[in-house]
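Derivation of every value follows stated rules applied to the coordinates shown; laboratory data play no part. A quick note: this is a predicted structure, and the numbers were derived from the prediction, not measured. Positions of Cβ are generated from backbone atoms using ideal geometry, with glycine treated the same way; all protein chains shown enter the neighbour counts.
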Amino acid sequence: MNSTDDFYNFECMYYDSLYGGFREDVDFYNAIGVRSPVLEIFAGTGRIISRFENGIGLERNLQMLMKGENKFIKVQGDARKLPFKSVFNTVIVGLNSFLLLPDEEKQGMLGEVRSVIVKGGILFIDVINGFSLNRGTYNVTHFKGTEIEISLKMKAKREGDKYLLRYYYSIKKPEKMKVLNTITIYPTSYYGLRSMLHSKGFDVEKVFGDYDLSPFKENSEKMIIKARAV
C-alpha cells in the first residue's frame, strides 16, 4: 500500500462531511454545459459525478468508491489503464486529482482518456495553478454535525517538482483526536499541460481562473482547462 492509498483510506471516513457541501465546481460544469455520457476520473465518493444523470465514476481506492450515499455508476480501476471504450462526450478530472500523478504518468493517463472520449468530446482538468501554494497554514474547511465536528488545516512544503501536503485534522466525536495525514502532488504549468494535451490529441479550447468563469491569468490560483478531442 502506498502513501496515496493510506491517505484516502483515512480521508474516505470524513470526506463527505468535509466536502459534501462544496458545489462551486459542479455549478461550473453545469454552466459550461456538460454532455452525457459523462465519466469522472478519480471520482472518490462521487460528489461531482453523482450530479449528472447516469454518470460513471472511476476510482482506484475501493474504500473511497464505496463510501457515502452518492448515486452513480461505480467502477474501480486505474486512471492509467481505463477499462472503457470510446463512448464519452465529457470526461472530468476534478479538484486537483490530476496532480496525484507525476508528469510521465499524467501523459499516459491523457492518452488513455483520448482513447475513451469521442472526437469532439470535452475534457475538463481542474488543478491549482502551478506552484502557487505559499508557506503557512491554510484553513481548508470546518464541519459541525449532530455527532461529529471536524476542522481541517493544511501546510504545503515544496520539494523540487512536487509538494508534500500535510493535513491536520481535529476531530471530535465525542472524544477529541488530532490526526496528521500526508500526500504528495505534482503541479504543472499551463504551458506544460497544454503541451501534454496537444501531444495526446487534444486542443485547449478555453482556460478559466476560477469557478466563476473568470479568464485564466498568470497569478490565478486555479487553472481549469477545457480541451477538445481532435
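Are there trypsin sites (Lys or Arg not before Pro) in the range 117-170 that DSSP puts in a loop and that have at most 10 other Cβ atoms within 10 Å, and which ones?
Values: sites: Lys119, Arg135, Lys144, Lys153, Lys155, Lys157, Arg158, Lys162, Arg166; in loops: Arg135.
Here the sparse-neighbourhood loop sites are Arg135.
With a Förster radius of 25 Å applied to the beta-carbon distance between Arg80 and Lys153, the computed FRET efficiency rounds to 0.20. Stretching the chain fully between Asp212 and Arg135 yields a gain of 25.1 nm (0.36 nm per residue, less the alpha carbon separation). Each label was represented as a point 7 Å from its Cα along the Cα-to-Cβ direction; for Asp103 and Ile32 these points are 2.4 nm apart. Distance from the alpha carbon centroid of the range 162-184 to that of the range 68-92 works out to 28 angstrom.
Give Lys74/Lys222; Lys85/Lys200; Lys119/Lys206; Lys153/Lys222; Lys74/Lys206; Lys157/Lys206 a once-over and call out the pairs whose C-alpha atoms are over 21 Å from each other. Could the numbers behind the result be given before it?
Numbers: Lys74/Lys222 28 Å; Lys85/Lys200 17 Å; Lys119/Lys206 17 Å; Lys153/Lys222 19 Å; Lys74/Lys206 29 Å; Lys157/Lys206 30 Å.
From the list (Lys74/Lys222; Lys85/Lys200; Lys119/Lys206; Lys153/Lys222; Lys74/Lys206; Lys157/Lys206), the Cα-Cα distance tops 21 Å for Lys74/Lys222; Lys74/Lys206; Lys157/Lys206.
Need one number for the range 137-185: average projected area of the convex hull over its C-alpha atoms, nm². With every direction weighted equally, the projected area is 3.4 nm².
With the helix formula -39500 (n - 2.57) applied to DSSP H stretches of n ≥ 4, the chain reaches a computed 222 nm mean residue ellipticity of -6500 deg cm²/dmol.
Here the chain is described by how far its Cα atoms reach on the three principal axes: 54, 37, 36 Å, from widest to narrowest.
Rounded, prolate or oblate: which fits the range 1-103, taking a ≥ b ≥ c as square roots of the Cα gyration tensor eigenvalues, rounded meaning a/c under 1.5, else prolate when a/b beats b/c?
oblate
Sorting Thr4, Thr45, Thr146 by the number of Cβ atoms found within 10 Å of their own Cβ, with the fewest placed first, yields Thr146, Thr4, Thr45. Computed from the Cβ-Cβ distance with R0 of 45 Å, the FRET efficiency linking His142 to Val230 stands at 0.55.
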